[in-house]
Each structure stands twice: as structure tokens, then as C-alpha cells.
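A short write-up of the structure that comes next.
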Amino acid sequence: MKITTSIICAAAALVTGTVTVQAAEKQPNIMFIFADDQTYESIGAYGLTEVKTPHLDRLVARGATFTHAYNMGAWGGAVCVASRTMLNTGAFVNRSQQHLKTSPQWAELMKSGGYTTYMTGKWHVPIVGPKFDVLADVRGGMPNQTRERYARTLKEDAYDTEWKPWETKYGGFWKGGTHWSQVVADNTVKFFEQVKNDDKPFFMYLSFNAPHDPRQAPKEYVEMYPLDSLKVPVNFLPEYPYANAICGKKLRDEALMPYPRTEYAVKRNRQEYFASITYMDHHIGRMLDALDASGKADNTYIIFTADHGLALGRHGLAGKQNMYEHSMRAPFMIVGPGIKPESKIKAPIYLQDAMATSLELAGIEKPEHVEFRSIMPLIKGERKVQYDKIYGMYMDRQRMIIDGDWKLIFYPTAEKKMRLFNLKKDPHEMDDQIDNPECASVVTALRAEFIKLQKAMDDKLNTDNPSKKKARKRKKHRGKNHA
């Protein structure tokens, strides 16, 4: 891909928290590539896992990497629904559902700024129909799951008889005859052919279902990861002691791996996960090559991220319904005119900042309901901090605040009500400091800051007594019915 420092079309300035349009020559194209369930560790260039991603590594080499891109959380078990709703409305988690009904979506904002809008792949936003000009093979939340996939014992002696990720007869990502990752790339290549002679700027929303389970890939990709070459995560546990309280052992994501977790089962899951990512990466390479061939690369920004991370055996968990780094953080890269190659930014952001970033690059005024922020001031060195604190939530079962090096997790319904980690000293979150008397002042300060953050987030959960909130809601509901 050719990346130059040519003048971007719609220069925008950050003024009192909103993006203001300035005169410009030509608006840039925006190519947004979105993965599903991809943890921040699963980029080969980062060197954190065994995964191979040569084409995503191209983005790392040619642009800026944000090492701490967080999802804000979810109101239900399908974390991707909340993540995608925030992404497309621009509103924070506890207000995003309302704005989905009342405010223009990301695609509509880009269209109002003169863009042709295109979407292919996974949608999974709880509203009828994505509002793009062109739609191709829009997918639901996930492909069909089969009894054979869920029934796997993941025991070594049962390998020959149990479900395999390359067997097309079970459908899933193979349903329809072509793997869904290939479909996204095929559609992208076709779109570039259609617009190569068109001067109108485009906004592309290219959304993979991979590497979400059933994590299927051709056999040769699975064989790239022999089990004896894979490591068990350092924070592996056979069972998380608070799993039932914080998410539930029978939650669909957690049921994909038998209890107690075994090292072999974790390796099998990671093998299929990495294979799915590498196969997706192969098709991302095709998409990047098609951009080059279109002649549009010099005036195109590429943003890559995922809707959240995944545990895959870390802490004895399998899914994304937890407040640990492996599940809250996703990879985030941006490539384009004026972006310094191989740059790395550690300031925490939310992955949903992608939307506000695209508005600034396009010179489109940011509406008041868009609460997430453009990352361009960080890239330009105009500010060092994007958010003073990072907030996380999952239903009424978990809350989180990150302030500097410290993370405090609340478990309102668990026996252990809080957990405290120093992310700088303990990046794998293995050394809980909540009972350390020397950290009592840290806990007090974080709790006070979290109460302030809750107000800003419209979060009314009482983390000490969550039933109080529920009782108030029930009483109010009964009153309405009586009236």
C-alpha cells in the first residue's frame, strides 16, 4: 500500500469539544475494518502470542497503533451488540440504546457529508436495517451453531471423532458455500472495482464475523498451529472462583470449553482462534491489495479494530463477559495521510473513538450526541490524555474503573465484592491487591472516583447493594400498571 503525506481533504479542528469544518481540497476515503472477538494480544507484530498476521502487521508498520483500546462494556451477554451500538451511535454505553432510536447513525452522518457509504458483513445492531447506500451480504450476530460443536469434550482421545473447524458439512462460516471471511473480502474487491473511477469519497464498513466462534478455517490454517507449539497463558486457571456470580458458567461463551478447564482444551481453542484470525488476515491482505490497485490508497484512511477481546482460558474464563484486559481490550490501528509509520500510542482510548475520528477526518461536524472523541489530537501531539478514567460495565454484575496504573473491579453479586490490580506491575492481573492494607487508600480513592464516573455515565447501579436499584424499578413499574 502506498501511503503518502498528501494534504488531507477535510482538515478539521477540535474546538470546545466539537469538530468544526474547515475549508479543504478533497475529502479522504475511510476504510473501516472490524473484527469480532479479537483480543488485543492477537496481532503477530505485537509478539504477545503465537498468532500469525502478516497483513495486519502491514498496518502496524505503516501507521499508528493504540495499545490500550477499550470496549466500554455491555448491558447483556451479547457484548458485541452493545459495542456495535456505541460504535454506530457514538453514544456511551448507558445512553447508546436510546440514541439508536433518536439520532443519526454513523453511516447517515458520513452520507450527509457527501460520502458514498458501503457495508458488508456482520451488523448485529438492534435496529432494523443498517443505513448505508450499498449493502452486500449483511450477516446477523453469528452463524448457526451445531450440537456437534457444543457437545465436544475436547479430550485428547476423542479428537478423531469430534467436530473439526474445517468440516463444511456443519455450516457455520461455511454456510452458503463460501467462507464468510472470503465473502467480506470478495465484496470489498468488487466495490473497489466499481469506485476506482469515481471521484466521490467513500466510507466502507467492512465487518468480519471472525474470529467469533465457531472459529472455522480451512485445514491448512489450523495446521499452522500445532498444539505442541502453543503455550498455555500464564494466567490460566482451571476455574475462575467467581464465574457463576459475574457471568454464569452456563453462559453460551463459557459453555464452549468444558469445566474444569484443561490445558489441552485451552490449546485447542487457541489453535482454532489463531487459525480463524490468520485466515481472516489473508483476506484482509486481498482487501489492502485491492485498495492499492484502485489508485485510491494515497487518500484513504484505514482503521482496524474489533468489538472487544476474548479470554480463551485466561483466568479460567472463555468469553468476553468480564473486566479483564484480555476481554476489554481490542487491537486498534490507523493508517493514512500524515500518520507516522510504526508509531505507538499508549494513552487509553475507547475503540468506539473510530467514529468520531472518521468525522474529523471527513470534515463533518460532530453532533452533540456523539460522546466518543477523535484520536487525531493524540496522533498530532495536541493532547496526551484522551480520557482521565476508563469505565467498564457488564449488566448489574460487574463494574470497573481504571485510573493510571490501577484497576478496581466491582462484583456486586459475588462473594468477593472487589478486586484491585496494578496494571503496570501486574499486566496479567494475577496479583489481587484488594486485601493488602497498604492499598487501602488506593481503594478509597478509586471508589470515590468511580462514583463520579457513574454519574457521568448515567449508571445508577449501587455496587454495594445492587438489589436497591431493582426494587425501585419494580415499584415504579407497578405504579404505572396500576394507573
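The values are calculated or read from the model by the stated rules, or taken from the named source; none is laboratory data. No experiment lies behind these values; they were computed from the predicted model shown. With ideal geometry, Cβ positions are generated from the backbone for all residues, glycine too; neighbour counts draw on all protein chains shown.
Looking at the range 323-355, which of its residues are under 28 Å from residue 77 (Cβ atoms) and charged (D, E, K, R)? Give the derivation first.
So in the range 323-355, the residues under 28 Å from residue 77 (Cβ atoms) come out as 323-332, 348-355.
Those that are under 28 Å from residue 77 (Cβ atoms) and charged (D, E, K, R): 325, 329, 353.
Could you grab me the full set of residues in the range 54-101 that are without any contact (Cβ under 8 Å) to a residue 60 or more places away in the chain and either among the polar types (S, T, N, Q) or surrounded by fewer than 24 Cβ atoms within 10 Å (Cβ to Cβ) (or both)?
We begin by selecting, within the range 54-101, every residue without any contact (Cβ under 8 Å) to a residue 60 or more places away in the chain; these are 57, 82, 85, 96-98, 100-101.
Of everything in the range 54-101, those that are without any contact (Cβ under 8 Å) to a residue 60 or more places away in the chain and either among the polar types (S, T, N, Q) or surrounded by fewer than 24 Cβ atoms within 10 Å (Cβ to Cβ) (or both) turn out to be 57, 85, 96, 97, 98, 100, 101.
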Can you tell me which residue among 48, 56, 100, 87 is assigned to a loop (DSSP other than H, G, I, E, B) and assigned by TED's automatic domain parsing to the domain that holds residue 254? 48
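Among the residues that make up the range 266-274, is at least one of them touching a helix residue (DSSP H, G or I) at 6+ places or on another chain (Cβ under 8 Å) and either under 25 Å from residue 399 (Cβ atoms) or in a loop (DSSP other than H, G, I, E, B) (or both)?
Initially, the range 266-274 is screened for residues touching a helix residue (DSSP H, G or I) at 6+ places or on another chain (Cβ under 8 Å), giving 267-269, 271-272.
Subsequent filtering for residues that are either under 25 Å from residue 399 (Cβ atoms) or in a loop (DSSP other than H, G, I, E, B) (or both) retains none.
The answer is no; no qualifying residue exists.
Does residue 196 satisfy the criteria of being at pLDDT below 95, among the basic types (Lys, Arg), under 16 Å from residue 316 (Cβ atoms) and not assigned by TED's automatic domain parsing to the domain that holds residue 395? Please lay out each step first, then the result.
Values: at pLDDT below 95: yes; among the basic types (Lys, Arg): yes; under 16 Å from residue 316 (Cβ atoms): no; not assigned by TED's automatic domain parsing to the domain that holds residue 395: yes.
So residue 196 fails the test.
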Run residue 248 past the list (1) in a loop (DSSP other than H, G, I, E, B); (2) more than 20 Å from the chain's Cα centre (by Cα); (3) closer than 30 Å to residue 355 by Cα and report the number of the one that doesn't hold. (3)
When the range 362-385 is checked residue by residue, the ones that are over 23 Å from residue 105 (Cα atoms) and either part of a loop (DSSP other than H, G, I, E, B) or of a type in the set (Asp, Glu) (or both) are 380, 381, 382, 383, 384, 385
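Working only within the range 110-124, note down all residues that are hydroxyl-bearing (Ser, Thr, Tyr) and either assigned to a helix (DSSP H, G or I) or farther than 20 Å from residue 137 by Cβ (or both).
Passing the criteria: 112, 115.
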Of all residues being charged (D, E, K, R) and in a helix (DSSP H, G or I) in the range 175-219, which is surrounded by the most Cβ atoms within 10 Å (Cβ to Cβ)? Just the residue, please. 186
Please go through (1) in a loop (DSSP other than H, G, I, E, B); (2) farther than 25 Å from residue 299 by Cα; (3) modelled with pLDDT under 95 for residue 4 and return the number of the only condition it doesn't satisfy. (2)
Just checking, how many residues over the range 387-404 are hydroxyl-bearing (Ser, Thr, Tyr) and within 15 Å of residue 460 (Cα to Cα)? 2
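Out of the residues in the range 319-354 that are among the small types (Gly, Ala, Ser) and in a loop (DSSP other than H, G, I, E, B), which is surrounded by the fewest Cβ atoms within 10 Å (Cβ to Cβ)?
Filtering the range 319-354 for residues that are among the small types (Gly, Ala, Ser) and in a loop (DSSP other than H, G, I, E, B), the one surrounded by the fewest Cβ atoms within 10 Å (Cβ to Cβ) comes out as 347.
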Are any residues in the range 354-388 in contact with a Leu (Cβ under 9 Å, 6 or more places away or on another chain) and among the aromatic types (Phe, Trp, Tyr), and if so, which ones? 372
Give the range 293-318 a look and list any residue that's part of a loop (DSSP other than H, G, I, E, B), crowded, with 24+ Cβ neighbours inside 10 Å and of a type outside the set (A, V, I, L, M), or say none. 307, 308, 309, 313
